[in-house]
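Chemist: If you scroll down you'll find the structure; I have some questions about it.
The values are calculated or read from the model by the stated rules, or taken from the named source; none is laboratory data. Note that the structure is a prediction, hence the values are computed from the model and not measured. Cβ sites come from the backbone with ideal geometry, for glycine too, and all protein chains shown count toward neighbours.
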């Protein structure tokens, strides 16, 4: 092999290695030859992490812990998880490969679990909703139940993600969930099953109003939402109720697609990255409901991509927001694959088109309407359809009639 060809190959490998690093501490550019480093303007990542201290902890555990031969993989995962936790950011976390797969399965609309969505409220983990024909519904679990333990382990100090990771698992395995309901302690032993979560569900009221509920902003949302409009928004059906209640969010791109169905031109959101660098997201210019009347339902469990959608529609004066103040998650996370896991890291904050930050404050609807009980919320995927107790949906329909 000629020297010129050898140098070319090494340079390509060095460049690829340098830019493949998920975290700056582990960028492979440090292994390139000195001349390649100079070419790449490579500088070693600055760090004040005391690796010797970490090694001392690990070595001492290996040598002195009462139970010999502790699992090194679990210790490594614990160290990585603790490091991310020390950031003080509840939305950044270290994930094992199985946890990452479970999250991806959820956003793809399929996972093994019990069929209940959860939300963190203060120091409590609350069941936000129960999907029909799932183990949770069949066992009698209800929205509003407070999860106090999973498989005998207290949920004290848990995040919603912690609860999800403990409750989900392999299909046909059992999980024991303890809840508190109106001061009463109930324990459910459930068999996990494959859960197929619809991205979008629809219903038409009085041959005039198309009701569309988005359950999450996943990989199928943009296509499913576009098809729902195409199929139903015709003839006498001219108004839309967009229900974003209890929607935990998902992909920013999916939110942009939904906003683009209603807003012809302009900004959907502004991502503010490290160092204040701004990335302005725009509508596509291709939508099906630019002139249709719109009401948007939100509640305290509407978060992340749901809030991006609601915030953009509000700033563009495109629809009337009805319900109660949203969750207040004004940050964006990205997954960085690691050798033995995944780093789910906050990489940006986001602003509404009018440059409002909703982080920790949420979005206040144009028309505030509360529900007497979470169970009163209209369930579009349940037959028969009954919204007689859903005061928020009734108010949204009244807005469109006015």
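Chemist: Pick from 172, 207: which is part of a loop (DSSP other than H, G, I, E, B), at pLDDT 90 or above and outside the structural domain of residue 137 (by TED's automatic domain parsing)?
Modeler: Sole residue among the options that is part of a loop (DSSP other than H, G, I, E, B), at pLDDT 90 or above and outside the structural domain of residue 137 (by TED's automatic domain parsing): 207.
Chemist: Do we have residue 263 as in contact with a strand residue (DSSP E or B) (Cβ under 9 Å, 6 or more places away or on another chain), in a loop (DSSP other than H, G, I, E, B) and at pLDDT 95 or above here?
Modeler: No; evaluated as a whole, the condition is false for this residue.
Chemist: Another one. Here are 124, 119: which of them is within 30 Å of residue 194 (Cβ to Cβ), at pLDDT below 90, assigned by TED's automatic domain parsing to the domain that holds residue 154 and in contact with a strand residue (DSSP E or B) (Cβ under 6 Å, 6 or more places away or on another chain)? Walk me through how you get there before you give the answer.
Modeler: Values: 124 fails: at pLDDT below 90.
From the options 124, 119, the qualifying one is 119.
Chemist: Continuing with this model, one more query. Across the range 266-277, what is the number of residues that are out of contact with any strand residue (DSSP E or B) (no Cβ under 6 Å at 6 or more places or on another chain) and outside any loop (DSSP other than H, G, I, E, B)?
Modeler: Number satisfying all stated conditions: 3.
Chemist: Now for a different question. Just to be sure before I move on: is residue 247 crowded, with 16+ Cβ neighbours inside 10 Å and part of a loop (DSSP other than H, G, I, E, B) in the structure I sent? Walk me through how you get there before you give the answer.
Modeler: Values: crowded, with 16+ Cβ neighbours inside 10 Å: yes; part of a loop (DSSP other than H, G, I, E, B): yes.
So residue 247 fits the description; yes.
Chemist: Given the structure, is residue 363 assigned by TED's automatic domain parsing to the domain that holds residue 256, part of a strand (DSSP E or B) and closer than 29 Å to residue 90 by Cβ?
Modeler: No: the conditions fail for residue 363.
Chemist: Do we find a residue being under 26 Å from residue 224 (Cβ atoms), in contact with a helix residue (DSSP H, G or I) (Cβ under 6 Å, 6 or more places away or on another chain) and in contact (Cβ under 8 Å) with a residue 40 or more places away in the chain anywhere in the range 333-351?
Modeler: Checking the range 333-351: not a single residue is under 26 Å from residue 224 (Cβ atoms), in contact with a helix residue (DSSP H, G or I) (Cβ under 6 Å, 6 or more places away or on another chain) and in contact (Cβ under 8 Å) with a residue 40 or more places away in the chain.
Chemist: Among the strands (runs of 3 or more DSSP E) confined wholly to the range 278-344, which include 1 or more residues that are assigned by TED's automatic domain parsing to the domain that holds residue 256 and within 20 Å of residue 90 (Cβ to Cβ)?
Modeler: Because the criterion is at least 1 residues that are assigned by TED's automatic domain parsing to the domain that holds residue 256 and within 20 Å of residue 90 (Cβ to Cβ), the strands (runs of 3 or more DSSP E) in the range 278-344 that meet it are 331-337.
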